[in-house]
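The values are calculated or read from the model by the stated rules, or taken from the named source; none is laboratory data. Note that the structure is a prediction, hence the values are computed from the model and not measured. Cβ: placed from backbone, ideal geometry, glycine included. Neighbour counts: every protein chain shown. These area figures cover heavy atoms from the full protein model, side chains too; ligands, DNA and RNA do not enter into them. Shrake-Rupley method; radii C 1.70, N 1.55, O 1.52, S 1.80 Å.
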Amino acid sequence: NILLLSQIKLPPMMEIITAEQLMEYLGDYILDAKPKEISEIQRLNYEQNMSDAMAILHKLQTGLDVNVKFTGVRVFEYTPECIVFDLLDIPLYHGWLVDPQVADIVKAVGNCSYNQLVEKIISCKQSDNSELVSEGFVAEQFLNNTATQLTYHGLCELTSAVQEGELCVFFRNNHFSTMTKYKGQLYLLVTDQGFLTEEKVVWESLHNVDGDGNFCDSEFHLRPPSDPETVYRGQQDQIDQDYLMALSLQQEQQNQEINWEQIPEGISDLELAKKLQEEEDRRASQYYQEQEQAAAQYICSSAGFIPYAIFSTQQVQGAASPASTRQSGSNERKRKEPREKEREKEKNSCVLL
């Protein structure tokens, strides 16, 4: 989205683009962006980075592995995926920061990345040292109290760090959003499926940690959705699709984990191929069963259909990152009011998606 707003131009009248086409556009852009007048060492370094970026470009379709540190809005643990942002010269920000004035949290969190902090909490809990146990408790409370992955100190730092008119990426809750700054205010590009028919809604202001922003048009004029109920249903559809994507990613990861210790020594290539094919067939069958079970586990309640797990638009719930809810309570009540008349119909019926 950032490159489309600044560098890449698609053919006129194109309304739909496949993932493969998009990857081709990005690949061509990376090749064309190669600096012309650089030293031999710089050229070799750039070509190596370009090769590494090309190797992980396909991950843009599902998700990149980034790991925040709580000390700065531009501070991330280095992963190969970060090369993509460096190569395309796209700034990457987050707002999950520790307030430096709270000494006990600063000490508990230290310079840890998120993954390191989770490991530290587990280790501290198992320690016999009361000081370490206390430190682990403080760190755990920090994660629980900042489950939206944005703090007010982080928001202040973001507002100060992002330049006026800058196009950048904002990472929060396992999501990458296009962000810009207009007249001193931060805005996120609206990409939820629920806003597909809301042509006037383009940006959402980022001015608090609860995600209760104001919607604006392309000129940053206030523009509330014309049909909040349609937006709400579209967001629920997005949640459904993202959860199925989460299952797909999980299955893909499992497919890459072959237990070679169970394969007997001296096995022929043909027998090995058969065993691998059988394992692949078993996992494929398991994957489809999981999808069917996931769709069936939408339960009926007096408040309507409730998904038991949420991915993307809200948050994947699990050890990878804490759960959070994007909408504030007041917004949720407003969106659910039009559904009051439908609840009686839904109370005694259940639909398998």
**Fill in**
Order by accessible surface, 1.4 Å probe, largest leading, for residues ARG223, ARG172, ARG74 comes to ARG74, ARG223, ARG172
**Request:** Over segment 102-190, calculate the relative contact order: mean separation of alpha carbon pairs under 8 Å at least 6 apart, over the residue count, as a percent.
**Result:** 18 percent
**Request:** List, in the order given, every pair from LYS120/LYS181; LYS69/LYS200; LYS34/LYS59; LYS9/LYS181 whose Cα-Cα distance in the structure shown is over 29 Å.
**Result:** LYS120/LYS181; LYS69/LYS200
**Asked** What accessible surface, in Å², does a 1.4 Å probe find on TYR152, ignoring ligands, DNA and RNA and rounding to the nearest 10?
**Response** 130 Å²
**Complete:** Whole-Hz Karplus couplings 3J(HN,Hα) for segment 205-216, θ = phi - 60° and coefficients 6.51, -1.76, 1.60, Gly and Pro as x, run 5, 10, 10, 8, 7, 8, x, 8, x, 9, 8, 9
**Message:** Heavy atoms only, 1.4 Å probe, whole protein assembly: order MET54, MET179 by accessible area, highest first.
**Reply:** MET54, MET179
**Request:** Quote the charge dipole size of segment 1-134 about the Cα centre in Debye, to the nearest 20; the model charges only the Cβ of Lys and Arg (+1) and of Asp and Glu (-1).
**Result:** 240 debye
**Message:** Under the 0.36 nm per residue contour assumption, what length would be gained going from the current alpha-carbon distance of ASN144 and LEU132 to full extension?
**Reply:** 2.5 nm
**Fill in**
With all protein chains in place and a 1.4 Å probe, ASP104 shows an accessible area in Å² (nearest 10) of 90 Å²
**Item:** Table column - 3J(HN,Hα) (Hz), segment 180-197, Karplus curve with 6.51, -1.76, 1.60, x for Gly and Pro
**Value:** 9, 10, 10, 6, x, 10, 7, 9, 10, 5, 7, 10, 4, 4, x, 9, 4, 9
**Fill in**
A correct Karplus calculation of ³J(HN,Hα) over segment 102-112, with 6.51 cos²θ - 1.76 cosθ + 1.60, θ = phi - 60°, whole Hz and x for Gly and Pro, returns 9, 4, 5, 6, 4, 5, 5, 7, x, 9, 5
**Item:** Nonlocal amide H pairs with ASN67, under 5 Å, H built at 1.01 Å
**Value:** GLU77
